[in-house]
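The values are calculated or read from the model by the stated rules, or taken from the named source; none is laboratory data. Please read all numbers here as calculations on a predicted model, not as lab measurements. Neighbour counts are summed over all protein chains in view; Cβ atoms, including those assigned to glycine, are modelled from backbone coordinates with ideal geometry. Heads up: the accessible areas ignore ligands, DNA and RNA and are worked out on the full protein's heavy atoms, side chains in. Shrake-Rupley method; radii C 1.70, N 1.55, O 1.52, S 1.80 Å.
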Amino acid sequence: MLIDSQARHQHAGGEYAARRAACERAAEALGVASLREASSVSSLSGEDQRRARHIVTENQRVLDTVEALSASDFGRVGKLFTASHESMRDDFEITTPHLDLIASTAVSAGALGARMTGGGFGGCVIALVPSEAVDAVDAAVREAVRSAGCPEPTIEPTVAG
């Protein structure tokens, strides 16, 4: 399911540039041209470590997702989606409470996993939902968002291709 939060992306205050700069500092400190070449960020500390940890673990999650999709292991794909969202929330700090509510509600209502998608600070959540749980996830997300006083989301069941 694609769940548009109706919260527009907000890169106010240079937040995207700040994350890019943190990743560039981390790569330099690790002696690599790109964090794609890093396997550990344990020698870093503070914010740069958190930002770099997100990138390094997200790169691995992408590879793991490709492998899981090849094996039709959708339970694992869902767990990877959720881990990705948690990393974007905790380490990269680009989600919003609104997006977090949508992702966690979708999972609680039957999605195998859910994650923010796009550049962050607003936008959409993609949830991997078994067909028999689509209506329950849709209803739960709408109710949670309404109860929180957030804009009504646009929810589109989709099929991966």
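Before moving on, here are some points about what is shown:
- Over all pairs of different C-alpha atoms in the range 87-161, the reciprocal of the mean inverse distance, the Kirkwood hydrodynamic radius, equals 12.5 Å.
- For the range 55-123, the per residue solvent-accessible surface stands at 43 Å², with DNA, RNA and ligands left out and a 1.4 Å probe.
- Shown for the chain are the DSSP H helices of 18 Å or more along their axis, judged by Cα atoms, with a mean Kyte-Doolittle hydropathy of at least -0.5: 15-30, 134-147.
- CD proxy at 222 nm, helix term only [per DSSP H run n ≥ 4: -39500 (n - 2.57); per residue of the chain; nearest 500]: -17500 deg cm²/dmol
- Per atom type, the chain shows carbon and sulfur on 54% of its accessible surface, probed at 1.4 Å.
- Protection proxy ranking of 110-117, 134-141 - average other beta-carbon atoms within 10 Å, highest first: 110-117, 134-141
- Farthest positive-ward along the chain dipole, Cα basis, beta-carbon charges - from ILE94, VAL66, ALA33: ALA33
- Calculated log₁₀ intensity ratio I(q)/I(0) where the Debye formula runs over C-alpha points of the range 1-148, q = 0.13, 0.18 Å⁻¹: -0.62, -1.04
- Kirkwood-type radius of the range 1-87, with distances r between different C-alpha atoms, in Å: 14.6
- Inter-probe distance in nm under a simple model that places probes 7 Å from Cα toward Cβ, at SER43 and SER147: 4.8
- Calculated FRET value between ARG36 and GLU86, using beta carbons and R₀ = 30 Å, to 0.05: 0.90
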